[in-house]
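Peer 1: Below is one structure. I have some questions about it.
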């Protein structure tokens, strides 16, 4: 995470730490899997080239919304398309935080939850994980904003009902 953030910053790439590490950086639960960054779509080829130049193995997997880089055994996802909203909005909303002694832009909890809700389908629904993220950061959540952005999503409606039922959402 720190190495990639430094490469992106040094090369003037607009980005934000995303996913569960962004929530962890804001007081959420510990994580131990991949690192996610959001980047602008126009920067995706350049970012992959920068990672390759730094000695990382890179991939363009079948989903057309992310690229991957491997720094040894560490997986880094570069997300350049979102299921809802614009990546540029997520980057603009990000706040500079110090994460593991490195200053970097970090997505808001709201935007991470929005992306995770929007990625749900009838084949994948992990409400337990979403509730864990929301419970640990509930003081930071703007529920009205998340509702507005996810309006019409049955997965969002189910999440809001569950969150309220277990006392995570006021």
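Derivation of every value follows stated rules applied to the coordinates shown; laboratory data play no part. Note that the structure is predicted; figures quoted are calculated from it, not measured. All Cβ positions, glycine included, derive from the backbone under ideal geometry; neighbour counts span all protein chains shown.
Peer 1: Would you calculate the separation in nanometres between label points at residue 144 and residue 9, each defined as 7 Å from the Cα along the Cα-to-beta-carbon direction?
Peer 2: 3.5
Peer 1: Sorted from fewest to most neighbouring beta carbons within 10 Å, what does the list 149, 31 look like? If you can, show how the numbers build up before the last one.
Peer 2: Values: 149 19, 31 16.
Final ranking by Cβ density, sparse to dense: 31, 149.
Peer 1: If packing is taken as the mean number of other Cβ atoms within 10 Å per residue, what is the order of 20-26, 152-158, 58-64, highest first?
Peer 2: Per-residue mean Cβ counts within 10 Å order the peptides as 20-26, 152-158, 58-64.
Peer 1: Let me ask you something else. R0 = 22 Å: FRET efficiency of residue 89 with residue 59, Cβ-based, nearest 0.05?
Peer 2: That gives a FRET efficiency of 0.25.
Peer 1: Subtract the Cα-Cα distance of residue 98 and residue 45 from 0.36 nm times their separation in residues, and report this length gain in nm to one decimal.
Peer 2: Using 0.36 nm per residue and subtracting the Cα-Cα distance, I get 16.4 nm.
Peer 1: Just want to confirm a number: the relative contact order over the chain, from Cα pairs under 8 angstrom separated by 6+ residues, in percent.
Peer 2: Relative contact order for the chain comes out at 21 percent.
Peer 1: With r as the distance between the Cβ atoms of residue 127 and residue 75 and R0 = 30 Å, compute the FRET efficiency 1/(1 + (r/R0)^6) and round to 0.05.
Peer 2: Taking R0 as 30 Å, the efficiency between residue 75 and residue 127 is 0.80.
Peer 1: Where Rh is the Kirkwood radius over the Cα pairs of segment 2-165, the temperature 10 °C and the viscosity 1.306 mPa s, what D in µm²/s does Stokes-Einstein return?
Peer 2: Rounded, D is 98 µm²/s.
Peer 1: Is the shape of segment 104-170 best called rounded, prolate or oblate, per the rule: a/c under 1.5 gives rounded, else a/b larger than b/c gives prolate, else oblate, with a ≥ b ≥ c the square roots of the Cα gyration tensor eigenvalues? Intermediate results must be reported in sequence, preceding the final value.
Peer 2: Working: a/c = 1.38, a/b = 1.15, b/c = 1.20.
Here segment 104-170 falls in the rounded category.
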